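The values are calculated or read from the model by the stated rules, or taken from the named source; none is laboratory data. Remember, predicted model here, so these are calculated numbers, not experimental data. Because the Cβ atoms are built from the backbone with ideal geometry, glycine has one as well, and the counts that use them run over all protein chains shown. For the accessible areas, the whole protein counts, side chains as well, though only heavy atoms, and no ligand, DNA or RNA atoms are used. Shrake-Rupley method; radii C 1.70, N 1.55, O 1.52, S 1.80 Å.
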Amino acid sequence: MRFSMLPSVFAQMFKKPWTNKFPAKYAPSNTTQFLADVGEGKAEIIPPIETPIGFRGKIKYDKEKCIGCQLCIKYCPCEAIEFKPKTKKIKIYLARCCFCSQCNDVCPTNCLTMGEEFLLADTDPYSKDLIVE
Amino acid sequence: MKQETTTKTSYHIPVGPIHPALKEPVYFEFEISGERIVDVNVKLGHVHRGVEWASRKRNPIQVLYLAERICGICSFCHPAAFTLAVETAADIQVPERAEYLRVIQGELERITSHILWAGVAAHEIGFDTVLYFTWQIREKALDLTEYLTGNRVTKGIMTIGGIRRDITPDMLPRIKKDLNFFKDNFEKLRHIFLDDKTIKMRSQGAGILTKKDALKLCAVGPTTRASGVKKDVRVDTSYFAYGDLDIDYITPDVLTGEVNGDVYDRIIQRLLEVKQSIGLIEQCIDQMPAGDIVSEPKIPKLMNQLKKVNGEGVGRHEAPRGEVIHYVKFDGHSENPYTWKVRAPTYNNILPWIPMLKGEQIADIPIVAASTDPCMSCTNRVAIVNDNKRYELTKEQLHSLSVEKTRRVLK
Ligand code: SF4
Ligand code: SF4
């Protein structure tokens, strides 16, 4: 009974790790520096696991198709969408969005879709990456 | 934990009430004599989030996502019970296929939740390898959830009058593969939990809830079924597609032939339920009829229909932790609910802690409390007031006490 774990321990030694070592094999001590290095091609990033089909990531907005009916605004549970009366288009603040895709379902012209992008962490809720318009 | 000698034989340990991880903030006061718990007192209702009030400013579609956020682990159960309530109030017929899809989502959530619980329970008695093992299984369950719904935790899959995403034939191989993975690993998990000496020593005879107490205190879900009470909303009211499926009450005597109502029984109970859930998903996949998945795809039209509703509805759903009840009332003027009331299962399972904990040791608090599967958080911070000197027992200290006890019983 005492040593019943030994087979598992041995098997474990030759198995690949269960987790994906994203973004690098060892956590970089300075993430900003690491990202800069990646930008210059000095370091390499281990890519994240691929997202499945139908994943709910950053919203894509096809501005041309939008008719300004404001239905998405009415049914968005997070009040993440703002109406721009001048252009009759919408503006989505992803910092408030909960990625429920309800706006996609309700839009009559299907101009909203959920994308694959999910690395959206930012220190500024109003940064350009977090606003879709 | 140091203690000074006083003339008083017992002292009090207040537990809670607030911790960020708490789903339902709760306050316990333990009366302790030496290592034994003499008495327990529970106070509820410390933080009121106003979720129900917030619903009055939102239309039912928005409330679905609000309901989802009552609890992260039960993120299907709350919208499910809410939808059932709205559908009763508005007399909406749900297509049959959607009913089956709802069962699949509900049971997948039960698997995820029970596996998570198994890991936490093992962690509480200091068995961390099992925690990592269960997390591995749970990760697969979450991946499957993501594949079926698009999100990992807050699924956003329920809608009034149906369900938002279909399961197409090309998705079935992946689902079947994952179900087989669960089955294989379930056997391993069963072996660890049911045959391991340490787990038996810590859980058998600990935190007993008698059938009488379970009935008297209205315990729900696995907590009450582990005490031998046959109570399960899925069987009792056969909502969704449960009426067409082969499902029966599960009590621990199915496996062991007797009901003790202790922590060990609650472990058996949950493991048996995981197995039952896997079976139910398989049945659904085999029996699912073709057809629509939502009764009214045009949401504005649905809202107009709800606007005219003047009435009330009650929705009951068997969440992983027990019966969740939602009550909804519409006034006929606006589509926003006039009132909405939620009764989550942990609420019923808090009072049974009193008979469970009485007579146990301090080191048993974590595992006994965890055995009812609350969002294990009350033990996160314990302050001991002893002779007007106040010192705190953190979650870590309480945890290490529990781990020490495991080592002691092993010797
Ligand atoms: S995905 Fe949901 S929260 Fe985000 S903008 Fe659309 S409706 Fe609002
Ligand atoms: S629902 Fe669609 S068409 Fe209407 S305003 Fe929103 S994005 Fe534009």
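Do we find a residue being part of a loop (DSSP other than H, G, I, E, B) and within 11 Å of chain B (Cβ to nearest Cβ) anywhere in region A:59-67?
no
Here are the criteria: (1) away from ligand 1 (no atom under 16 Å from the Cβ); (2) loosely packed, with under 14 Cβ neighbours inside 10 Å; (3) in a loop (DSSP other than H, G, I, E, B). Tell me which single one A:Pro52 does not satisfy.
Failing condition for A:Pro52: (2).
Does region B:107-124 contain at least one residue that is on the phi > 0 side of the Ramachandran plot, touching a residue at least 60 places away in the same chain (Cβ under 8 Å) and either surrounded by fewer than 24 Cβ atoms within 10 Å (Cβ to Cβ) or not in a helix (DSSP H, G or I) (or both)?
no
Suppose we filter region B:153-202 for residues that are touching a helix residue (DSSP H, G or I) at 6+ places or on another chain (Cβ under 8 Å), at the interface with chain A (Cβ under 10 Å from one of its Cβ atoms) and not in a helix (DSSP H, G or I); how many remain?
Residues in region B:153-202 being touching a helix residue (DSSP H, G or I) at 6+ places or on another chain (Cβ under 8 Å), at the interface with chain A (Cβ under 10 Å from one of its Cβ atoms) and not in a helix (DSSP H, G or I): 7 in total.
Being out of contact with any strand residue (DSSP E or B) (no Cβ under 9 Å at 6 or more places or on another chain) and not charged (D, E, K, R) is the filter here, so list the residues in region A:47-77 that pass it.
Listed by number, the residues that qualify are A:Pro47, A:Pro48, A:Ile49, A:Thr51, A:Pro52, A:Ile53, A:Ile67, A:Cys69, A:Leu71, A:Tyr75, A:Pro77.
Pick from B:Thr210, B:Thr237, B:Thr256, B:Thr223: which is open to solvent by less than 10 Å² (accessible area, probe 1.4 Å) and not basic (Lys, Arg)? Walk me through how you get there before you give the answer.
Details: B:Thr210 fails: open to solvent by less than 10 Å² (accessible area, probe 1.4 Å); B:Thr237 fails: open to solvent by less than 10 Å² (accessible area, probe 1.4 Å); B:Thr256 fails: open to solvent by less than 10 Å² (accessible area, probe 1.4 Å).
Being open to solvent by less than 10 Å² (accessible area, probe 1.4 Å) and not basic (Lys, Arg) holds for just one of B:Thr210, B:Thr237, B:Thr256, B:Thr223, which is B:Thr223.
Determine which single condition B:Thr251 fails, assuming it passes every other condition in (1) more than 30 Å from B:Gln93 (Cα to Cα); (2) assigned to a helix (DSSP H, G or I).
(2) is the only condition that B:Thr251 fails.
Is at least one residue of region B:369-378 in contact with a strand residue (DSSP E or B) (Cβ under 7 Å, 6 or more places away or on another chain) and crowded, with 21+ Cβ neighbours inside 10 Å?
Among the residues of region B:369-378, at least one is in contact with a strand residue (DSSP E or B) (Cβ under 7 Å, 6 or more places away or on another chain) and crowded, with 21+ Cβ neighbours inside 10 Å, which makes the answer yes.
I'd like the residue in region B:62-88 that is open to solvent by less than 10 Å² (accessible area, probe 1.4 Å) and among the hydroxyl-bearing types (Ser, Thr, Tyr) and, out of all such residues, is farthest from ligand 2 (Cβ to nearest atom).
The residue in question is B:Ser75.
Can you find even one residue in region A:24-46 that is out of contact with any strand residue (DSSP E or B) (no Cβ under 6 Å at 6 or more places or on another chain) and within 16 Å of ligand 2 (Cβ to nearest atom)?
no
Filter region A:123-133 down to residues that are more than 13 Å from ligand 2 (Cβ to nearest atom) and either open to solvent by 80 Å² or more (accessible area, probe 1.4 Å) or assigned to a strand (DSSP E or B) (or both) and give me whichever is farthest from the other protein chains (Cβ to nearest Cβ).
Only one residue tops the list, namely A:Lys128.
Quick one: in region A:78-98, of everything that is within 18 Å of the chain's Cα centre (by Cα) and away from ligand 2 (no atom under 11 Å from the Cβ), which residue is nearest to B:Ala54 (Cα to Cα)?
A:Cys78
Any chance region A:81-96 includes a residue that's surrounded by fewer than 18 Cβ atoms within 10 Å (Cβ to Cβ) and within 11 Å of chain B (Cβ to nearest Cβ)?
Within region A:81-96, none of the residues are surrounded by fewer than 18 Cβ atoms within 10 Å (Cβ to Cβ) and within 11 Å of chain B (Cβ to nearest Cβ).
Only residues that are basic (Lys, Arg) and in a helix (DSSP H, G or I): list them for region B:54-68, please. Give the derivation first.
Just the residues of region B:54-68 that are basic (Lys, Arg), to begin with: B:56-58.
The answer is B:Arg56, B:Lys57.
Restricting to region B:264-319, and then to whatever is within 14 Å of another protein chain (Cβ to nearest Cβ) and touching a Leu at 6+ places or on another chain (Cβ under 7 Å), can you tell me which residue is surrounded by the most Cβ atoms within 10 Å (Cβ to Cβ)?
Only one residue tops the list, namely B:Ile293.
Is there a residue being open to solvent by less than 40 Å² (accessible area, probe 1.4 Å) and modelled with pLDDT under 80 anywhere in region B:42-61?
Checked region B:42-61: at least one residue is open to solvent by less than 40 Å² (accessible area, probe 1.4 Å) and modelled with pLDDT under 80.
Checking B:Gly72 against (1) touching a helix residue (DSSP H, G or I) at 6+ places or on another chain (Cβ under 7 Å); (2) assigned to a loop (DSSP other than H, G, I, E, B); (3) among the small types (Gly, Ala, Ser), only one condition comes out false. Which one?
Every listed condition holds for B:Gly72 apart from (1).
So, in region B:75-103, of the ones that are aromatic (Phe, Trp, Tyr) and in a helix (DSSP H, G or I), which residue ends up nearest to the other protein chains (Cβ to nearest Cβ)?
Here the residue is B:Phe82.
For the subset of region A:100-122 comprising residues that are open to solvent by 50 Å² or more (accessible area, probe 1.4 Å) and under 18 Å from the mean Cα position of the chain (by Cα), which member is nearest to ligand 2 (Cβ to nearest atom)?
A:Thr113
Report yes if A:Ala11 is free of Cβ contacts under 8 Å to residues at least 24 places away in the same chain, hydrophobic (A, V, I, L, M, F, W, C), more than 16 Å from ligand 1 (Cβ to nearest atom) and more than 13 Å from chain B (Cβ to nearest Cβ), otherwise no.
no
Output the residue which, of all residues in region A:55-77 that are more than 14 Å from ligand 2 (Cβ to nearest atom) and over 18 Å from A:Ser127 (Cβ atoms), is most open to solvent (accessible area, probe 1.4 Å).
For region A:55-77, the residue satisfying everything is A:Phe55.
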